[in-house]
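A quick write-up on the structure given underneath.
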């Protein structure tokens, strides 16, 4: 048999090509290292540098066109005199709107801070301008490389709502904050205002065309109030410059009845939220004509209260009541009032500069009443809907306290402010090394045993002021309820070892379980009343 | 004549067969070459073996299984460093500068999976390639920086980095941890 003619092999030209491909593939895969996976998440500071660069390049295009001083009265809008904005790039918040748009909220260095006249009454001994937080929001455009700015001004209503830059942002209104958040376009046109009462967004307000002078009228659930805004200001030389006032109509809307900033029915429209300038600072400047790209104020969602996302009215109410804590406590047994841990734990989130705590209702798997997860850096408590439909408010308050202690302990691993809690977590993490899936919850429940008394006092305080029995159940009852949820992960019917020592003499886990079950399911033996 | 015709008929397929053999040979050659290239990966250091022996050879709970699965350290470093504050990281407080310096070095280092010799593992550690379905404590290669060791541990419901410290007596001791993921 004649040997095969190898020259035929390459006749098609395929073999050399294949050889070249294989060789190249081999060389490439053996010589070039695979790219490393990014180790760090993109640094927010680096992203902020892009915002800064964009702002420096475009800030002259973001101002009002030169139209003289009468544009205010002609437009009937509330437009404040423009001043050059000086962002303090070292102080910023970074977050996302619910639709995914990225936001950088940067502090403004300017001493010029417009504020409502009502603040002069709320803070008679203070310069209101010093109490206003004034920031620039840069909202990333969803498709283009631009960061359209808005101005956010936070006006506190009372002493308790005074915040520093770190503690408040459009993405994180403190859980108990009262005041107004005003949003202005970069060129100082009033965009929208949001009014908060104790952490709850109650109203929003806008300014519209004037319909008739000097009267307020009701449109559905909205009330219009005529306002005359003074445009006078004190220049750097101390001379008051008198300018024509602006007359605007403020429309304040609420879902339930009328409202004015003073809280009365507002028919006289006498309580103005006029805006004042502090007696200093930046003189208004005429703005040059706009160039392209034109300023396009972005749409915005309402400010994020972060904390309370409970849609169940009873649960939401209970959470708010708990957060007020011992400020209402008049007589705790044996001076235990100071142990009311719930509000202090929420305060810790606030003081940390990042309110990464959220509570909501939803579906919780495996028949649990509630759960606490870390989701995108946020500690999220979810109360089970099915549980909410059966439980008494007393049981619900206990569950909220329990989950908040989880959130507190978790938060400690991020801010390291409570050495004792960290030591407890370290000790029990080692102890429960063999708990498998249950290692993290067992560690927590063991550490939480140290908080039983504090949890009981929080529950007692809540019932005394807001609950169905007014604190009349005897402290032992609240104390026993504080054992709820302190169970082993592998067998939730069993109490975690560390909690056993705290069971009161003459009582038992079985007895405590009965109390917990009665309250959780709202049986006729429960002392609380059903939440729904 | 018939035979010659048969060969003639088979000719092209015989040539194809040879051609196929050559391609297979080339593939095998390159795979072997590539395998040899992989062996150039860094290997576990003595300190890493010593750490595993020190921490896991005295496993008091013989029932609890410990699985070893090699993981790319870059997969957890982002979340790990996100838990750092000025005061510490996870449950660790920066009491002195030692831990903080080790964390800085860890940040600046380049890490990748390493080859290991299972014979040098302490008894009780079960090496696996994919431990996803196995119940028990799962560990990966410890990263040793100065007197601190960073160990990625996990189970189906949590992920954490355990930080160990080597004291003056020369033993590795658990110091604190950073939870990366968990359910409560």
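No lab work stands behind these numbers, since they all come straight from the coordinates. As the structure is a computational prediction, the values presented were derived from the model and not from experiment. Every residue, glycine among them, receives a Cβ derived from its backbone with ideal geometry; neighbour counts consider all protein chains shown.
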Rg and Dmax of the stretch A:314-453, Cα atoms, in Å? 15.4, 46
Exposure proxy check: B:140, A:122 ranked by fewest other beta carbons within 10 Å? A:122, B:140
Gyration tensor (alpha-carbon) shape descriptor, the stretch A:344-419, a/c threshold 1.5: prolate
Dividing the convex hull volume of the Cα atoms of the stretch A:373-532 by its residue count, what figure in Å³ per residue is obtained? 125 Å³
Is there a simple number for the mean count of other chain Cβ atoms within 10 Å of the Cβ of residues in A:410-422, and what is it? 5
Taking beta carbons within 10 Å but only from partner chains, what does the mean come to for residues A:431-441? 6
For A:381, A:415, what ranking results if the residue with the fewest other Cβ atoms within 10 Å of its Cβ goes first? A:415, A:381
Classified through the alpha carbon gyration tensor (a ≥ b ≥ c as square roots of its eigenvalues; rounded if a/c is under 1.5, else prolate when a/b is larger than b/c, else oblate), the stretch B:49-184 comes out prolate
From the C-alpha gyration tensor of the stretch A:423-501, square roots of 5λ in Å: 29, 12, 9
For each of A:157, B:183, A:491, A:127, count neighbouring Cβ atoms within 10 Å of the residue's Cβ, then give the residues from fewest to most. A:491, A:127, B:183, A:157
Highest-first arrangement of A:162-170, A:89-97, A:498-506, where packing means the average Cβ count within 10 Å: A:162-170, A:89-97, A:498-506
Under 1.5 on a/c is rounded, so check that first for the stretch A:89-202, then, if it is not, pick prolate when a/b is larger than b/c and oblate when it is not; a ≥ b ≥ c are the square roots of the alpha carbon gyration tensor eigenvalues. prolate
I need the Kirkwood Rh of the stretch B:113-160: take the reciprocal of the average 1/r across all distinct C-alpha pairs and report it in angstrom. 12.3 Å
For the stretch B:95-118 and the stretch A:139-175, distance of Cα centres in Å: 38 Å
Ordering of B:42-50, A:444-452 by packing [mean C-beta count within 10 Å, highest first]: A:444-452, B:42-50
Any idea how far the Cα center of the stretch A:451-512 sits from the one of the stretch B:141-184, in Å? 34 Å
